[in-house]
Amino acid sequence: MKSPHAMRLLTLAALACLAGSSALAQQDGGYPYVGLSGGKSTPQFNEPAMANSLHTPGVTTSTLTEDKRGKSFKLFGGYQFNRNIGLEAGYFDLGQFGFSSTTAPAGTLNGTMKVHGFNLDLVGTMPLTDRLSALARVGAQYAKTNDRFTGTGAAAGSTQSRSERGTNLKYGAGLQYEVSPSMWLRGEVERYRIADGVGRDGHVNAATLSLVFPFGRSAAPAPRPLAAAYVAPPPPSAPAPVMAPPPPPVVVVTPPAPPAPPVRRRVSFSAESLFGFDKSELRPEGRSALDKFAQDLAGSQYDVISVEGHTDRLGSTAYNQKLSMQRADAVKGYLVSSGRVDAAKVSAQGKGEMAPVTKPEDCKGNKPNPKLIACLQPDRRVDIEVVGTR
């Protein structure tokens, strides 16, 4: 069945997605990607009815053997607006299918079908772990089906070529694994609604593996300004006592002034600037920020460096505690492994959601949505406190 409105509806949805992308943008979004895929395709057409529709009067199909093994491939490109929504367009080839039949009176009829076309999809992504995500897609596809039928004997009059063009819906689901920041691996199953070339509707299922290459990812926002700690000045020394003139001089030894209290310096980094949303692996921008922090410590005398990871209140308490601890350990590990900090003087601790910066009345609600996630951004952070003397 042709659907002339399908492409129009999807185009309108894509424009709406573009218009709202600034409100939905998160740290791990706003970049294009390209990819290619290959796999198997299986048609679901009514081949017996197709064969009978081609016969001349008095000729019927007696036996029919179907070839439902096809090879499919795709070339595609897209734009990831944010962590959850992307728009994708591409060219697909669903391969070649066919059937062989005998007729009564005696004859043969063979048919082959080739399907290819273009598609435009909205792709939804739901993270399951730091690297693994679930995918779902819905879109429109413009496909062309080329048919070739050859007959012998009583079916010789059925020899002909036909083609069918049409726009229809497609949809699919799968999994995506982030092998590295610049390469993803996808496994998907998709269904294409296709016309068979003789006026009947069917569909083709395709199971594929894809390599996806994102590029031009947006840079992480600059870390929040470092919080300067107040250092109390040392108390003034007591004035020397006034000596009476008649007695001989008395030497008064003034005790030394007490040492100044240890200097405390507290630095706060937003979690997205170091890791990206809902992740615990340091990004290149995060490592650069920690290198700058380590350079600022050069020449300092410090006793203890405490690293604390914090999350917002979204998600379970156990998950947030685990994520905050993983982030604190990642920061500690990088400072130590880079050779900038003494491992014996660094500790890491996960605070989870126990020490938020925001107030409940400022960020209302508990269900994740772009507005609430953006409001709770100050709670997702890593604090580093240095105790010592300059």
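The values are calculated or read from the model by the stated rules, or taken from the named source; none is laboratory data. Computed from a predicted structure; not experimentally measured. Counting neighbours? That spans all protein chains shown, and the Cβs are built from the backbone with ideal geometry, glycine included. All accessible areas refer to the heavy atoms of the entire protein, side chains included, with ligands and DNA or RNA removed. Shrake-Rupley method; radii C 1.70, N 1.55, O 1.52, S 1.80 Å.
Among the residues of the range 36-57, the ones that are among the basic types (Lys, Arg) and in contact with a His (Cβ under 8 Å, 6 or more places away or on another chain) come to 0 in all.
What helices (runs of 4 or more DSSP H) lie completely within the range 1-92 and have 3 or more residues being under 30 Å from Pro181 (Cα atoms) and at pLDDT below 50? Walk me through it before giving the result.
Details: elements: 6-19, 21-24, 47-54.
Of the helices (runs of 4 or more DSSP H) lying wholly inside the range 1-92, those with at least 3 residues that are under 30 Å from Pro181 (Cα atoms) and at pLDDT below 50 span 6-19, 21-24.
Here is the figure for the range 111-170: residues that are under 23 Å from Gly86 (Cα atoms), touching a strand residue (DSSP E or B) at 6+ places or on another chain (Cβ under 7 Å) and not in a strand (DSSP E or B) total 2.
Here are some residues: Ala244, Ala271. Which one is open to solvent by less than 80 Å² (accessible area, probe 1.4 Å), closer than 21 Å to Ile373 by Cβ and at pLDDT below 80?
Ala271
Determine, yes or no, whether Arg131 is open to solvent by 60 Å² or more (accessible area, probe 1.4 Å), within 20 Å of the chain's Cα centre (by Cα) and touching a residue at least 40 places away in the same chain (Cβ under 8 Å). Spelling it out, Arg131 is indeed open to solvent by 60 Å² or more (accessible area, probe 1.4 Å), within 20 Å of the chain's Cα centre (by Cα) and touching a residue at least 40 places away in the same chain (Cβ under 8 Å).
Filtered by the rule that a residue be part of a loop (DSSP other than H, G, I, E, B) and open to solvent by less than 70 Å² (accessible area, probe 1.4 Å), the range 332-355 gives Ser338, Gly339, Val341, Glu353, Ala355.
When you check Gln295 against the structure, is it open to solvent by 50 Å² or more (accessible area, probe 1.4 Å), of a type in the set (S, T, N, Q), under 18 Å from Arg264 (Cα atoms) and outside any loop (DSSP other than H, G, I, E, B), yes or no? When the stated conditions are applied, Gln295 passes them.
Let me confirm something: among Asp312, Asp329, which residue is under 20 Å from Thr129 (Cβ atoms), touching a Lys or Arg at 6+ places or on another chain (Cβ under 6 Å), not in a strand (DSSP E or B) and not hydrophobic (A, V, I, L, M, F, W, C)? Working first, answer last.
Details: Asp329 fails: touching a Lys or Arg at 6+ places or on another chain (Cβ under 6 Å).
The conditions single out Asp312.
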